[in-house]
1. Restricting attention to the stretch 84-106, report how many residues are under 24 Å from GLU187 (Cβ atoms) and outside any loop (DSSP other than H, G, I, E, B).
2. Only one of ILE107, ILE70, ILE166, ILE90 is at pLDDT 95 or above, open to solvent by less than 30 Å² (accessible area, probe 1.4 Å) and within 17 Å of the chain's Cα centre (by Cα); which?
3. Failed condition for SER122, given (1) at pLDDT below 95; (2) open to solvent by less than 40 Å² (accessible area, probe 1.4 Å); (3) farther than 29 Å from ALA46 by Cα, with all others met?
4. Could you tell me how many of the residues in the stretch 73-83 are surrounded by fewer than 19 Cβ atoms within 10 Å (Cβ to Cβ) and assigned to a helix (DSSP H, G or I)?
Amino acid sequence: MYPEMKMFTIGRNGELVVSVMMVRDSPLGRSVVSSPTLNVPDSPGAATGMKETLNAGGNILLDRYVYSNIAYQCAKGSDSDEASALRDWIFNTEYGNFALPEPDLNIFLDVPIGFVEAKLKSQRGGADRDYLDGAQDIHEADIEFQKKVRDIYREQCALDPKFIRIDCSDQNGQMLPPDDIFAKIKEVVDNAIK
């Protein structure tokens, strides 16, 4: 199962999520308290589908999950104690209250920040960007914020032995070729399923 998370643009909650992503001056856009709450109302429904798939012997591959919420929301704050409390709240809400299945493995593809910056400056399109309705995602517009997000992801990898960081940089700080990155991913996955 590879669920596409279209929930961000569905209904009133979806409209709020999109407005937070697009409006730099939104009081919610940079709030470390209110922003993560916009993502969680859809989690109970997602949990049911995921559990059904797992109970039927299936596998689930997600490109974003709880750690994405943690990284982006904790990067909005400036206080490490606040970030730690927010991390715990997100974990308890998602895995506890909403009973999302905990992943057997999380992988963070740590790409060179120059690559991230170039990708974010390039013209991006496709159906997965329709929710922006031609606007720019404020989280993607700020490279300093993206650096904070990267730091939070790295911190989470250090805290969780099931969250593996894969360095996607070569010795010169450039992006590795896709085949090299795939080989690293395969090694991590192979080790996890042994």
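1. Total satisfying the criteria: 1.
2. Criteria check complete, one pass: ILE166.
3. Unmet for SER122, out of (1) at pLDDT below 95; (2) open to solvent by less than 40 Å² (accessible area, probe 1.4 Å); (3) farther than 29 Å from ALA46 by Cα: (2).
4. 3
The values are calculated or read from the model by the stated rules, or taken from the named source; none is laboratory data. Model, not experiment: these values are computed from the prediction. Don't worry about glycine lacking a Cβ; one is built from the backbone with ideal geometry, like all the others, and counts go over all protein chains shown. With ligands, DNA and RNA removed, areas are computed over all heavy atoms of the protein, side chains included. Shrake-Rupley method; radii C 1.70, N 1.55, O 1.52, S 1.80 Å.
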